[in-house]
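Take a look at the structure set out below.
Readers should treat all values here as calculations from the given coordinates under stated rules, not as data from a laboratory. All of these numbers come straight from a predicted model, not from anything done at the bench. As a convention, Cβ positions derive from the backbone with ideal geometry for all residues, glycine included, and neighbour counts pool all protein chains shown.
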Amino acid sequence: MTRIIAGAARGLRLDVPSAGTRPTSDRVRESLFGSLESMDAIDGAHVLDLYAGSGALGLEAWSRGAASVDLVERSRSAAGLVRRNVMTVAKALGTPASHARVHESTVHAFLQRAAGPFDLVLTDPPYDLDDATMTADLTALAPLLSPDAIVVIERAKRSTPPELDAVGLTPLREKTYGDTRVWWAEPAQPT
């Protein structure tokens with residue numbers, strides 16, 4: 001069961017796709033969002049949830065005070081499920097569902113046409129996503145970030161670390177939770 005951990009929609013259950021996704025565990029989400037709140041990265045933020053799956057990461061941010069969330073999911077069935085989760089969370093928040101937009105698209109195609117800027121990006125790609133695709137997606141993301149943006153990347157512990165410096169991001173921290181590793185980064189500052 002996946003649920004919203006905190007915020008105005010706390011405890012709300014979310015539907016998850018029956019196959020093809022790997023929802024972030026409650027333990028990892030709780031730690032991740034605790035860290036983001038201590039960085040003051042959520043309240044009023046324009047959030048981008050890439051490889052959304054069920055939308056749990058982006059909807060957690062919305063529940064905790066994000067101004068808007070864009071959720072990108074390429075699977076038609078998963079995107080439909082995210083739309084239903086958006087409606088459920090919007091009702092619990094008493095906020096128009098239009099504050100959370102679902103984009104049925106590949107991440108790279110979405111980033112090519114997106115306007116930004118985004119203040120918080122949550123990216124939890126499938127574990128089998130190859131490094132070249134991950135690097136291309138992060139490269140396309142970098143120009144869409146606000147100057148103080150935070151980018152969170154979740155991957156398998158055994159995955160190659162993302163090439164943050166090569167794509168215009170500066171690493172902030174890294175943490176391992178069992179089989180999952182999470183990196184926090186920010187836009188590189190011009191020299």
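Below is a table of values for the structure above.
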quantity: Among beta bridges that DSSP assigns inside the chain, antiparallel share in %, nearest 5; calculated: 45
quantity: Mean separation of Cα contacts under 8 Å (6+ apart) over length of the chain, as relative contact order %; calculated: 17
quantity: Whole-Hz ³J(HN,Hα) from phi, Karplus 6.51 cos²θ - 1.76 cosθ + 1.60, for the stretch 116-126, glycine and proline x; calculated: x, x, 10, 8, 9, 10, 10, 10, 10, x, x
quantity: Whole-Hz couplings from phi, Karplus 6.51/-1.76/1.60, listed for the stretch 144-154; x for Gly and Pro; calculated: 9, 8, 6, x, 9, 5, 10, 10, 10, 10, 10
quantity: Built amide H within the under 5 Å cut-off of L71, gap 5+; calculated: D49, R101, V102, H103
quantity: Size of the chain as Cα extents on the principal axes (Å, biggest first); calculated: 45, 33, 32
quantity: Amide H within-cut-off set for A188, under 5 Å, with H built and near neighbours excluded; calculated: L169, T170
quantity: Relative contact order (%) - the stretch 26-125, alpha-carbon pairs under 8 angstrom, separation at least six; calculated: 33
quantity: Residues with amide H under 5 Å from that of A6, placed H, sequence gap 5 or more; calculated: G11
quantity: Vicinal HN-Hα couplings computed from phi for the stretch 165-180 (Karplus, 6.51 cos²θ - 1.76 cosθ + 1.60; Hz; Gly/Pro x); calculated: 4, 5, 10, x, 10, 10, x, 10, 6, 8, 8, 10, 10, x, 8, 10
quantity: Residue range of the chain that is longest and free of trypsin sites (Lys or Arg not before Pro) which are both DSSP loop and sparsely packed (at most 14 other C-beta within 10 Å); calculated: 11-156
